[in-house]
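The values are calculated or read from the model by the stated rules, or taken from the named source; none is laboratory data. The structure presented is a predicted model; accordingly, all values stated were derived computationally and were not measured. Ideal geometry is used to build each Cβ from the backbone, glycine not excepted, and the neighbour counts take in all protein chains shown. Calculation scope for accessible area: heavy atoms of the full protein, side chains included, ligands and nucleic acids excluded. Shrake-Rupley method; radii C 1.70, N 1.55, O 1.52, S 1.80 Å.
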Amino acid sequence: MKNILTTCPFCGVGCNFYLKAERGRILGISPSRNHPVSRGRLCVKGWNAFEFISHPDRLRNPLVKKKGKFKETSWQAAYELIVKNIKRTKAQYGPDAFGVISSARCTNEENYLIQKFARVCLGTNNVDHCARTCHAPSVAGLTRSFGSGAATNSIDELPGAKCILVIGSNAPEAHPIIGWRIITAKDKGAKIILADPRGTCVSNYSDVHLKLFPGTDICLLNGMMHVILKEGLEDKGFIDERTEGFDEFRKILEKYTPEYAERVTRVPKEIIIEAARVYATSKPASIIYSLGITQHITGTDNVSTLANLAMLTGNVGKRSSGVNPLRGQNNVQGACDMGALPNVLSGYQDVEDVWVRQKFEKAWGVKLPFKKGLTNSEMFQAPRRIKFFYIIGEDVVHSEPNSKHVAACLEKAEFVVMHDLFFCKTAEYADVILPASSFAEKDGTFTNADRRIQRVRKAIKPCFETKPDGQIIAELSGLLGCPLKYKNASDIMDEIARLSPIFGGVSYERLETAGFLQWPCPDKNHPGTKIMHQEKFSRGKGKFFAIEHLPAQELPDAEFPFILSTGRIIFHYNSGTQTRRTAILSREFPENFVQINTEDAQRLKIKNKSKVSVSTRRGALTIRAVVTDDIIPGVIWMPLHYADKLTNILTIDAFDPISKIGEYKVCAAKLEPVK
Ligand code: SF4
């Protein structure tokens, strides 16, 4: 039996483990004791991250739709059909008729190839991926506040914090190993502040729990900052030396008195004051947040408001402090870093910058499109413009908001190509489905939530007739006459390092020796960056933004009196294609459910585990109710993992105007018992 060290394919914590491989099969997993983040631990998903690899449902051969039915075909026939339709679409409509959706499950090297394929072979900047539905506001908000859109600090620093503000994150379920690091900090005496409408595992040990009404984060944080300024708890030296925009920001806070904040957020003013005092006086203080902050029409403003709070108290650029987005998927950080985004090339280099474009044109030997492209959400808002969707490892019908609308867009498109491990909701709308290989069947790197580039190692040959996504893209590019040729994944990383200053010192040779490198790592002698913005911010000075509270797009009314919010549970990962095919994970939570507060349930005569209808202006689902005091009255909550009872047929397609993320966390809903 071989033991191959690799990186977990699920969440953005990036735990390392050994795959136990024998005769072309993965038989088990054991954690890596030396890894600085996971330290010999894994969550239940990590321990079971192998069963899906040899699941009988794996796609085995390419599939082509004929007269509404899928038929197996050869790779050559599938490629010929795709190439023919790419050429036809380009000739008929031009390059911007393509929409390419890359994958946060693919390696860095594959994401680099996919965005290069879109720009070089198809000629469009219409390339994006699922960061749009999770942390696009982090990239936009932290970039404008600090100059870099990634986590400021490292996960292994968390136990050194004296205070941790956990906001919009159910870390013990969505990022379990980070949940464990928060408990370690608590054991060492840190104060834990939780801001969440729900009682989660963190509320069991938090010192302050701010049970805010969904969509009122800015008002809550502005209220806390009002108190900090009023009581003189700000870090004046840091503000004077390291930041700009403070005067305008200070003015806007005047009206956010604790009384005003209480009226909007429904959090008692005494608790807001206590949270402000604890955060400002327990240094270093770290902020960790996730989709409860980003998935709003104010997602970017929410993130910049957290940046304001950290700067106000001087909690940036120091160990165990900072503003730290917990990235949802294994390589969503890396997919962004590699330029699988419509506005930037690898290393966040602006596609509209002439100097950047000339550099890439010289290296790649082609003319590149010069206007930024469409985001995922814009591709689905402009269905007539996208004639050809190329979707890799993303079940967009499952994961985009208002999924019926997304399905209708795919139906209208003239051609849809998909790569995936399993047949999923989106596959129903594809013309060609190509069977892809899993993380265990290929080489590459993933980048976790704290900018840590880590190796993914091939443990077995690709199962059945599957191929790694990068190989598929390289083969297609050759057939299109613009070959993207590389010897191996290491060769691709060398090109990334040559063209992207923040990765200038990254190579497989160094990764083999060091185990990981945290970017920015600009040259071969640079050790990588554990803590960002230490001497100065990436943009020079940190910028305060004066941000007002804005209500959510769709608030409760007489017809739809509840707020529906959505999220994850520990046993499943995103659309559940992998975890719902893992017996031990599926056993615990086999079906979708809705959480409802005990008082609301009594009023509506809804019993625990009884069937209820949840409806919004976009659709309705019949599922089981979970009656609990862990959620505030007037709010209901559903997980997003169940393809057979798709939560996203209910969510609203209202978007943050800056980052274009959907407002998954707030929409108006109705709940009725089903007889
Ligand atoms: Fe994998 Fe995330 Fe669990 Fe670690 S915490 S084992 S990365 S799913």
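Condition check: within 28 Å of SER586 (Cβ to Cβ), aliphatic (A, V, I, L, M), away from the ligand (no atom under 16 Å from the Cβ) and under 28 Å from the mean Cα position of the chain (by Cα). Does ILE53 satisfy that?
No, not satisfied.
With the requirement that a residue be among the aliphatic types (A, V, I, L, M), open to solvent by less than 30 Å² (accessible area, probe 1.4 Å) and touching a residue at least 24 places away in the same chain (Cβ under 8 Å), what does the stretch 23-50 give you? Write out each step before concluding.
The initial filter retains those residues of the stretch 23-50 that are among the aliphatic types (A, V, I, L, M), namely 26-27, 29, 37, 42, 44, 49.
Applying the additional criterion that residues be open to solvent by less than 30 Å² (accessible area, probe 1.4 Å) yields 26, 29, 37, 42, 49.
The answer is ILE26, VAL37, LEU42, ALA49.
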Subset of the stretch 166-196 (residues that are within 19 Å of ILE271 (Cα to Cα), open to solvent by less than 30 Å² (accessible area, probe 1.4 Å) and either of a type in the set (Phe, Trp, Tyr) or away from the ligand (no atom under 16 Å from the Cβ) (or both)) = ILE167, GLY168, ALA190, ILE192, ILE193, LEU194, ALA195, ASP196
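I'm checking my understanding of the structure. Among residues of the stretch 137-155 that are hydroxyl-bearing (Ser, Thr, Tyr) and either touching a helix residue (DSSP H, G or I) at 6+ places or on another chain (Cβ under 9 Å) or within 15 Å of THR300 (Cβ to Cβ) (or both), which one is surrounded by the most Cβ atoms within 10 Å (Cβ to Cβ)? Quick ask: steps written out before the conclusion?
First pass over the stretch 137-155, keeping only residues hydroxyl-bearing (Ser, Thr, Tyr): 138, 143, 145, 148, 152, 154.
Imposing the further condition that a residue be either touching a helix residue (DSSP H, G or I) at 6+ places or on another chain (Cβ under 9 Å) or within 15 Å of THR300 (Cβ to Cβ) (or both) reduces the set to 138, 143, 145, 148, 152.
Working: SER138: 34, THR143: 19, SER145: 28, SER148: 21, THR152: 29.
The residue in question is SER138.
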ask   = Out of (1) open to solvent by less than 10 Å² (accessible area, probe 1.4 Å); (2) under 19 Å from ASP207 (Cβ atoms); (3) not aliphatic (A, V, I, L, M), the odd one out for SER304 is which?
value = (2)
query = Which is at pLDDT 95 or above, open to solvent by less than 40 Å² (accessible area, probe 1.4 Å), within 16 Å of the ligand (Cβ to nearest atom) and not small (Gly, Ala, Ser), of LEU19, LEU59?
reply = LEU19
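Does ILE472 satisfy the condition of being assigned to a helix (DSSP H, G or I) and either open to solvent by less than 10 Å² (accessible area, probe 1.4 Å) or under 25 Å from GLY28 (Cβ atoms) (or both)?
It is true that ILE472 is assigned to a helix (DSSP H, G or I) and either open to solvent by less than 10 Å² (accessible area, probe 1.4 Å) or under 25 Å from GLY28 (Cβ atoms) (or both).
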message = Restricting to the stretch 468-485, give me the number of residues that are closer than 21 Å to GLU441 by Cα and out of contact with any Ser or Thr (no Cβ under 6 Å at 6 or more places or on another chain).
response = 9
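Which members of the stretch 130-140 meet the condition of being out of contact with any Cys (no Cβ under 8 Å at 6 or more places or on another chain) and either assigned to a loop (DSSP other than H, G, I, E, B) or small (Gly, Ala, Ser) (or both)? Lay out the reasoning, then the answer.
If we filter the stretch 130-140 for residues that are out of contact with any Cys (no Cβ under 8 Å at 6 or more places or on another chain), which is where we start, we get 130, 132-134, 136-138, 140.
Selection gives CYS134, ALA136, SER138, ALA140.
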query = How many of the residues in the stretch 400-422 are touching a residue at least 60 places away in the same chain (Cβ under 8 Å), farther than 21 Å from GLN471 by Cβ, out of contact with any strand residue (DSSP E or B) (no Cβ under 7 Å at 6 or more places or on another chain) and surrounded by fewer than 24 Cβ atoms within 10 Å (Cβ to Cβ)?
reply = 2
ask   = Restricting attention to the stretch 96-136, and to residues there that are at pLDDT 95 or above and of a type in the set (Lys, Arg), which single residue is surrounded by the fewest Cβ atoms within 10 Å (Cβ to Cβ)?
value = ARG119
query = How about the stretch 607-639: which of its residues are hydrophobic (A, V, I, L, M, F, W, C), outside any strand (DSSP E or B) and touching a helix residue (DSSP H, G or I) at 6+ places or on another chain (Cβ under 8 Å)?
reply = none
key: Answer from PRO561, PRO520 - the residue that is under 28 Å from the mean Cα position of the chain (by Cα) and at pLDDT 95 or above   = PRO520
query = Just wondering, is there one or more residues in the stretch 528-539 that are touching a His at 6+ places or on another chain (Cβ under 7 Å), part of a loop (DSSP other than H, G, I, E, B) and not acidic (Asp, Glu)?
reply = no
